[in-house]
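Down below is the structure, laid out as structure tokens.
The values are calculated or read from the model by the stated rules, or taken from the named source; none is laboratory data. Note that the coordinates shown come from a computational prediction; the quantities given were computed from them, not determined experimentally. Cβ placement follows ideal geometry from the backbone for every residue including glycine, while neighbour counts extend to all protein chains displayed. When the accessible area is computed, the model is the full protein with side chains, heavy atoms only, and any ligands, DNA or RNA have been set aside. Shrake-Rupley method; radii C 1.70, N 1.55, O 1.52, S 1.80 Å.
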Amino acid sequence: MAKEEELIRLERELVDTRNAAVAMILGMAEGIVSSPAGREELASGFEAAAKDADQVTKRLATLVSLALRNGGRC
């Protein structure tokens, strides 16, 4: 496999892994809260966690926050 193809494959795997992590977190969040106010509180918590986090954690926390606010869509 060419280096470029391997890089594309690894980038796709990274995106897929990130999306799977967000989906798993959302699944757990649904078990914790069911009201819009509860989801907003969780989203705010993830947003706050993103502020001082490293880039990877910041991206994941931001995606989770957005998904909580958008009915599961990032």
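Some notes on this structure:
- Complete set of residues in the range 56-71 that are loosely packed, with under 13 Cβ neighbours inside 10 Å and not polar (S, T, N, Q): VAL56, GLY71
- A count restricted to the range 45-55 and to residues that are surrounded by 10 or more Cβ atoms within 10 Å (Cβ to Cβ) and part of a helix (DSSP H, G or I) stands at 6.
- Figure legend. Inter-residue proximity from the range 1-23: first residues within 19 Å of PHE46 (Cβ to Cβ), second residues surrounded by 10 or more Cβ atoms within 10 Å (Cβ to Cβ) and among the small types (Gly, Ala, Ser), beta-carbon distance below 6 Å, spacing 6+ or different chains. Indicated pairs: VAL22/ALA67.
- Residue count for the range 28-70 satisfying the condition of being under 17 Å from ARG18 (Cα atoms) and among the basic types (Lys, Arg): 2.
- Taking each residue of the range 54-72 that is free of Cβ contacts under 8 Å to residues at least 40 places away in the same chain and looking for partners that are loosely packed, with under 14 Cβ neighbours inside 10 Å with beta-carbon atoms closer than 6 Å, six or more apart or interchain, yields nothing.
- Any hit, the range 37-55, residues being modelled with pLDDT of 95 or more and under 10 Å from the mean Cα position of the chain (by Cα): yes
- Every residue from the range 1-44 that is closer than 22 Å to THR57 by Cα, of a type in the set (Val, Ile, Thr) and either in contact with a strand residue (DSSP E or B) (Cβ under 9 Å, 6 or more places away or on another chain) or open to solvent by less than 70 Å² (accessible area, probe 1.4 Å) (or both): VAL15, VAL22, ILE25
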